[in-house]
């Protein structure tokens, strides 16, 4: 038996194919890694290096001075801590709500289930910008969705805190939530009935079955969804700029980076463009690095054994 | 199993709450906004019915909206097919066995994590522009500072005597390639999952019958991964519509938060939304045919 996967190759000499494949991988990898690598290289250069035209990728006089400057100017560690904190809480809330909803949609037969699932898919198709304005109004004059005025409470503004995003995640309306529910539902649907029935016969209730039997079986799919959710929430610039302008988040800080940096370096008119380039490169690395590390560590959960994560069987 | 059904509602309770209060009601309200003049008063907001004026304004008075919608649609129509072909091609390569597969997969899927961080690159290039236009920097310094790593190749082309419009086109094309690779992360993952779920025994049986790899690709891989390619295509279409760099939504954003003409902004997003639905409908029609042939 020939050891070959279902590739695209026609009958052509193996070495040509292999060379072509290798070139393709190198080219695309270069394209993907280029912004990061170029920033990494520039960020390690000193001022003399960057003005020296003979220095291309490897700095002659490498320095960490740029990083030292930027971490102070941008309050990096505090921003990192607060970004990780808000992102993690949002992700965990979103995950909990999604797992419950997906399990309900996959494993129970009740009236309106079809409509509910249709709406979940529909939320994916509607760009959130369409209704962002009125959601914004809801949180700007928040009264517990009408409950507050019944109880005679004054509406409060939740804008300026992470609460709008937490509440949206609770209601399965966080970023790209439909996709997460969709993946999890496919997964739960494909689990064999016997697992559940065996648990019922052994006397486990619905919730016990869910927590002790179904959840442990779904770890692979949950890990996949966790990675997606974390990464998307981390990069969620729209909601961050809408609701959390005064929360210390990296995404919003990136948007006016030039301003923050140049005012920290002595005002826009005095600032040296070369220094600014160095500072921007160091910032780029500092912002991308945590996400890249997280992704590289986490992606092995779903890269090997994707077929078990629920993306299939649609 | 009536008892079981009742528990089902319990599980989807957060979902129902969210759908009603953070999807359906905001959607309806945004539709109302699009027919009204919205003004913010202290503590609340009020609406005044205007009829179709906002829609008329968006389509015939506003000078940029129509143009932006056309550009956005064009971008989607150009990018999505390339994204899907690229994603399919890369996924089939990654599905075969070779040394270093883990590394290649890790790198190729990295755009899933980095896609929206493109805001960094935008910001960096803006800074570059402001530097090059505003200050009296020497050319060598400009080259060294900003263009050294990103555009050295293009600058060398310019020096070699290539007309500047050719160089412009090259740089625009390479920008688009980067965008395409950036947005193909999730489609690639979806298609890869589909390819991995095709039973290996099918290929073995086909090989026994004497099918070439080319034939088994068209007779097995292609038809069996169709439904996932559909999912990936729909995802790519939506992704390109809701991208932060999308011109139409930048205009909507501008009208919402800078001009604060909420009615006009709502009308614009509803017009655009209709186009999205139409486009997704077309995608489904195309694939329905393809999937039917596959069976």
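The values are calculated or read from the model by the stated rules, or taken from the named source; none is laboratory data. Nothing here was measured: the structure is a model prediction, and the numbers come from that model. Using ideal geometry, Cβ is built from the backbone for each residue, glycine included, and neighbour counts are taken over all protein chains shown.
Some observations on this one:
- Segment B:207-216, residues that are part of a helix (DSSP H, G or I) and either out of contact with any helix residue (DSSP H, G or I) (no Cβ under 9 Å at 6 or more places or on another chain) or in contact (Cβ under 8 Å) with a residue 60 or more places away in the chain (or both): B:208, B:214
- Taking segment A:142-174 as the range and being out of contact with any strand residue (DSSP E or B) (no Cβ under 9 Å at 6 or more places or on another chain), more than 29 Å from residue A:206 (Cα to Cα) and part of a loop (DSSP other than H, G, I, E, B) as the test, the residues that pass are A:144, A:145, A:146, A:151, A:152, A:153, A:154, A:160, A:161, A:162.
- Test: residue A:122 is surrounded by fewer than 18 Cβ atoms within 10 Å (Cβ to Cβ), in a helix (DSSP H, G or I) and within 9 Å of chain B (Cβ to nearest Cβ): yes
- Among the residues examined, residue A:199 qualifies as away from chain B (no Cβ under 11 Å) and surrounded by 17 or more Cβ atoms within 10 Å (Cβ to Cβ).
- Residues being farther than 20 Å from residue B:114 by Cβ and assigned to a helix (DSSP H, G or I) - total across segment A:25-66: 7
- Verdict on residue A:25 being under 27 Å from residue B:181 (Cα atoms) and either more than 11 Å from every other protein chain (Cβ to nearest Cβ) or buried (at least 20 other Cβ atoms within 10 Å of the Cβ) (or both): yes
- Out of B:256, B:248, sole residue that is facing chain A (nearest Cβ under 10 Å), touching a helix residue (DSSP H, G or I) at 6+ places or on another chain (Cβ under 6 Å) and within 22 Å of residue B:182 (Cβ to Cβ): B:248
Table: residues versus (1) at negative phi; (2) modelled with pLDDT under 85; (3) in a helix (DSSP H, G or I); (4) crowded, with 17+ Cβ neighbours inside 10 Å.
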| position | (1), (2), (3), (4) |
| --- | --- |
| B:218 | yes, yes, yes, no |
| B:231 | yes, yes, yes, yes |
| B:240 | yes, yes, yes, yes |
| B:245 | yes, yes, no, no |
| B:253 | yes, yes, yes, yes |
| B:290 | yes, yes, yes, no |
